[in-house]
Structures are given as structure tokens and as C-alpha cells.
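Peer 1: Take this structure, written in C-alpha cells, and hold onto it; I'll ask about it next.
The values are calculated or read from the model by the stated rules, or taken from the named source; none is laboratory data. Bear in mind that the values here come from a model prediction, so they are computed numbers and not experimental data. Cβ placement follows ideal geometry from the backbone for every residue including glycine, while neighbour counts extend to all protein chains displayed.
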Amino acid sequence: MQHGELSERRRVPPTHPLYGRKVYIPRMAQGSARAVAAVMRSLGVDADVVPPSDTRTLELGGKYSSGDECYPLKVTLGDFLRVIERPEFDAKKTAFFMATGQGPCRFGQYVPYLRSVLDRLGHQDVVICNPSCEQGYSDFGEASDLFTRGMWRALVAGDVLMKLLLKSRPYEVEAGAADRIYEESVQELCAVLETPYPKDESQMIALKECLLRARRRFRTLPLEFDATRPLIGVVGEIYCRLSEFSNRDLVRRLEEAGAEVWLNDFCEWIWYINADQFEKLRLHGRRISMEALSACVRNHIQHKDEQEVLAMFREDFLGYEEPRRVQEVLECAEPYLPACGANGEMVVNVGKAVYFARKGLDGVIDISPFTCMNGIVGEAIYPRVSRDNGGIPIRNFYFDGTQSDLERDIGIFVELARTYQKRKKWKREVPSRAFAATF
Ligand code: SF4
């Protein structure tokens, strides 16, 4: 079979609810979201990210929510309603992608809420595509296995490109050059992922070649590396952290204030979901079950794919190594929020803050939506995390779509990070100057 040909196994069947519809995906970690849309297209489903959020997003999201809901709900709802406002909108040919879960917070309510708003507005025909995190985001009809693996590869690759961007952009000689390379690389990644390769192996070969080309572009980008620029780890609620609109482009603002950012990646969340699934199986006495076996196989395949990609970037990510297993993060969180008793992003955020401190970073920021339960719990714990880890500055930045003096707060935080940098006990492994010069 030729590349580009859709086999029956790869094609979403006419009985699938997404058949013949255009799926809109929330604009979260936009490179990764675009890559996931490309994976859907490889299955014969038309898909794209929602258009960039703007003030109309907040107007519509605010109009159809009470103000008690989480900020990510308001933004995603507003973005979907903007799609509905388009003249070409056809409810019978539209689907909205909204993940769901049964965690301890309000995330599980997003899908029913979106459904109720759509129904109230007379759009009962719009389908909500809601793969659940408890099922590893895998309930995608007959093409589930292909979607799950393709989506995983999309997220791994998306994280790699974001990491390359963030470790280059603060040092670029020509303003905008790193963003251009990133955009070019994301476009190429999407072209690879939307191609229905006959075998998983051939997709992986194409993916690796594409990432190597991206690596070459970033390595030849002229940079002026400065080892004294503070490196700030950014954790927090996944949507707000990865949606530039929602966090008012905090990462870029930190860079403009003189910092470099290590943004907690997307894949860590999936690893946490997988670990949580095992914990639940253990609690229900189902450690030896078909479900556990299938989760083990999925974990094994995902780990293999991830390692295969990351192996190519060992040199590039020297000093930026992610934990090999999410258990390392959970162990870091153990004294504060033991994973057997606490659940949700707060565990990962607290654990990663500890990991960042020991990796020699100069500060940690937790990006959370205003009133987010995870952010509030984290904020209560961070002073102790900081005390136990050499006094590393950690602070929450909350977002709800209103204005605040972000520049002033960022400036103060970066100064704190500079002060801490001079006295920190864990030294950071910085890229060598020779490498940085050609990087
Ligand atoms: S993590 Fe926070 S913002 Fe997200 S759904 Fe839960 S409470 Fe809301």
C-alpha cells in the first residue's frame, strides 16, 4: 500500500459519530493541538484547532457561564461558540473535541456543561467528541489504537519542538527567528502525522526524520547564550499553562523580563493519568485483570516511542532532562501530597517544583486559573516546598481573563530568582559554550 492511501483499518467508519464532520480541538499547546488534529485527519476525519481566542471568546464564554466555572471552561466554551457564529457553521457537520475525566475537580463537568449550552442554543446536532482520561483518551471508535498511538507521538513531538523553542528563543540574535523555525517545524510535523502510513514503524521513521530536520534548524540558529539568565520552571493547571491566550503569554513575558523558561510538558499529564489508572486498579483489587494488562501494554508502547524520540535529543536537552518515569515526580511530592491519598494536578505540580529545585533551576511559577482547586492546594504547600529546597522562589500566578499588573509581578519574581541563583545549593547543568555557540 502506498503512503497516503487510507486502509479500511485506518478509516473512521461511516457509523462513527465523527464521520463526515469537522472536529474542532481546543487551542491548548497550539503546536501539540495542531499535531493531534493532523492525527485525526490521517484517520479520515476533518479536524483543526479552533481559531485563535480573542475578546469575543471571553464575551461569549462569559455570556453562557455563571462566573463560578473554571476559566478554561469559559475560554473553550467561548472558542466553540465563535465557531458557531461563523457563516459556514453547520451543526450536522460539526464536532467539538473536549476531553473529560472523573478527577477530584470540576474537569468532569465540562462536557455536560458544554452539552447543556449547545442544547439550550438549539445545536443538539453538534457532536461532542469526549475521549476520557480514564480510558487513556482511547475511545475513538474502531480506530482507537491508531488514534491513541498517533496522538501520543503527536504529543511527544509537540513537547520536543516546544522545548527546542524555549531553550533558543531567549538567546536568539534575530528577533522572531526561533518562532519562525518553530512554526516551520510544526507545519512539517503536521504533514507527517496527517499521512496515513501503512505501518506504525514507517510513521515513526518519518517522524524522526522530521524532528531531526527541526533539530538541525534550531542548532544552526545564531544564539548568544548567557548562563546567568535565570531558568524558571513553569508548572500548573494544564490548559491555562499551555494556552498562551489564557495565561496572557506569561512565558514570553518572562523571557522579555530576562528569564528562560522550562515549561512543564504535556506528556507528563498523560503519564500521571496512566499511573493513576494503575493506582485505581490496585485499590479495586484488579491489579491482575485484562484492563491492567492492556494498560501495561499501552504504557510499554508509549514509553518505547517516547524514548526512541528523546534518544535523538540527549545532547540538545543536556541539563533539561525530564524525569524518566512520572514516579520520580510522585516521589518528590510524597512528603507533601502522597499520590496514594491526593489526586490531581496538584500532586504533579508540587512534585515537579521539587524536581526543578534539585535540577538547579532558579525559580518556579505555578500558572492556575483563578479559584482552581489544584492551584489553591499547591499555593498552601509551596512555602514548605521552598523551605525544604534551599529557599527557591515559588509563586502562583492566577488568571481569569481580567487585567492585572503582570509585568510588575513578573519583574519582582525574576529579581527574586536572580538573588536565589547566587546562593542556590543545587547547580544547574548548562549547555556547554561550544555547543551553545552552534545550537
Ligand atoms: S484543574 Fe482547576 S481549572 Fe481545571 S477543572 Fe480542575 S479546578 Fe477547574
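Peer 1: Is there any pair linking a residue in the stretch 57-78 that is more than 19 Å from S368 (Cβ to Cβ) to one that is in a helix (DSSP H, G or I) and of a type in the set (F, W, Y), with Cβ under 9 Å and at least six apart or on different chains, and which?
Peer 2: Note: pairs meeting the criteria are L60/F80.
Peer 1: Right, something else. What are the residue pairs meeting all of these: first residue in the stretch 6-26, first residue under 18 Å from Q203 (Cβ atoms), second residue at pLDDT below 70, Cβ atoms under 7 Å, and 6 or more apart or on different chains?
Peer 2: S7/M1; R10/A143; V12/G141; V12/A143
Peer 1: Filter the stretch 376-397 down to the residues that are outside any helix (DSSP H, G or I) and within 16 Å of the ligand (Cβ to nearest atom) and list them by number. If you could, list the steps in order and put the result at the bottom.
Peer 2: As a first pass, look at the stretch 376-397 and keep what is outside any helix (DSSP H, G or I): 389-397.
Correct list: N396, F397.
Peer 1: Only strands (runs of 3 or more DSSP E) wholly contained in the stretch 5-109 count here; list those with 1 or more residues that are basic (K, R).
Peer 2: Where strands (runs of 3 or more DSSP E) fall fully within the stretch 5-109 and carry at least 1 residues being basic (K, R), they are 22-25.
Peer 1: Within the stretch 351-370, is there a residue that is free of Cβ contacts under 8 Å to residues at least 24 places away in the same chain and crowded, with 22+ Cβ neighbours inside 10 Å?
Peer 2: yes
Peer 1: A further question on this structure: So which residues in the stretch 63-79 are within 16 Å of the ligand (Cβ to nearest atom) and of a type outside the set (D, E, K, R)?
Peer 2: S65, S66, G67, C70, Y71, P72, L73, V75, T76, L77, G78
Peer 1: Just a yes or no: is a residue in the stretch 358-375 more than 11 Å from the ligand (Cβ to nearest atom), at pLDDT 95 or above and in a helix (DSSP H, G or I)?
Peer 2: The answer is yes; a qualifying residue exists.
Peer 1: Right, here's the next one. From the set of residues in the stretch 110-133 that are surrounded by 15 or more Cβ atoms within 10 Å (Cβ to Cβ) and assigned to a helix (DSSP H, G or I), which is farthest from the ligand (Cβ to nearest atom)?
Peer 2: Applying the first criterion (surrounded by 15 or more Cβ atoms within 10 Å (Cβ to Cβ)) to the stretch 110-133 yields 110-111, 113-115, 117-118, 123, 126-133.
So of that shortlist, the ones also assigned to a helix (DSSP H, G or I) come out as 110-111, 113-115, 117-118, 133.
Values: Y110: 7, V111: 12, Y113: 11, L114: 13, R115: 16, V117: 16, L118: 19, C133: 12 Å.
That would be L118.
Peer 1: Something else now. Here are the criteria: (1) crowded, with 21+ Cβ neighbours inside 10 Å; (2) more than 16 Å from the ligand (Cβ to nearest atom); (3) modelled with pLDDT of 95 or more. Tell me which single one V45 does not satisfy.
Peer 2: Exception for V45: condition (3).
Peer 1: Turning to a different aspect of this structure: Is one or more of the residues making up the stretch 270-277 of a type outside the set (D, E, K, R) and surrounded by fewer than 16 Cβ atoms within 10 Å (Cβ to Cβ)? Spell out the reasoning first.
Peer 2: As a first pass, look at the stretch 270-277 and keep what is of a type outside the set (D, E, K, R): 270-275, 277.
Adding the requirement that they be surrounded by fewer than 16 Cβ atoms within 10 Å (Cβ to Cβ) leaves none.
Checked the stretch 270-277: no residue is of a type outside the set (D, E, K, R) and surrounded by fewer than 16 Cβ atoms within 10 Å (Cβ to Cβ).
Peer 1: Test Q187 against the criterion of being surrounded by fewer than 22 Cβ atoms within 10 Å (Cβ to Cβ) and at pLDDT 95 or above, and give yes or no.
Peer 2: Yes: the conditions hold for Q187.
Peer 1: Could you pull out the residue among V309, V354, V329 that is under 20 Å from G236 (Cα atoms), out of contact with any Lys or Arg (no Cβ under 6 Å at 6 or more places or on another chain) and β-branched (V, I, T)? Steps first, please.
Peer 2: Details: V309 fails: under 20 Å from G236 (Cα atoms); V329 fails: out of contact with any Lys or Arg (no Cβ under 6 Å at 6 or more places or on another chain).
Just one listed residue meets the conditions, V354.
Peer 1: Sort out which residues of the stretch 195-247 are surrounded by fewer than 22 Cβ atoms within 10 Å (Cβ to Cβ) and within 16 Å of the ligand (Cβ to nearest atom), and write them in order of number.
Peer 2: The one that is surrounded by fewer than 22 Cβ atoms within 10 Å (Cβ to Cβ) and within 16 Å of the ligand (Cβ to nearest atom): F245.
Peer 1: Take the stretch 334-350 and flag every residue that is more than 16 Å from the ligand (Cβ to nearest atom) and either in contact with a Leu (Cβ under 6 Å, 6 or more places away or on another chain) or under 18 Å from G233 (Cβ atoms) (or both).
Peer 2: Y336, A339
Peer 1: Same structure, new question: Does the stretch 397-434 hold any residues that are among the charged types (D, E, K, R) and surrounded by 11 or more Cβ atoms within 10 Å (Cβ to Cβ), and which are they? Working first, answer last.
Peer 2: Initial filter on the stretch 397-434 (among the charged types (D, E, K, R)): 400, 405, 407-409, 415, 418, 422-425, 427-429, 433.
Scanning the stretch 397-434 gives D400, E407, D409, E415, R418, K424, K425, R428, E429.
Peer 1: Taking A157 as the residue in question, decide whether it is touching a Leu at 6+ places or on another chain (Cβ under 7 Å) and surrounded by fewer than 19 Cβ atoms within 10 Å (Cβ to Cβ).
Peer 2: Answer is no for this residue.
Peer 1: Check off (1) surrounded by 18 or more Cβ atoms within 10 Å (Cβ to Cβ); (2) over 29 Å from T76 (Cβ atoms); (3) under 19 Å from the mean Cα position of the chain (by Cα) for Q327 and give me the number that stays unchecked.
Peer 2: For Q327, the exception is condition (1).
Peer 1: While we're looking at this one, here's another question. All but one of (1) more than 26 Å from V156 (Cβ to Cβ); (2) more than 16 Å from the ligand (Cβ to nearest atom) hold for A35; which doesn't?
Peer 2: Among (1) more than 26 Å from V156 (Cβ to Cβ); (2) more than 16 Å from the ligand (Cβ to nearest atom), A35 violates only (1).
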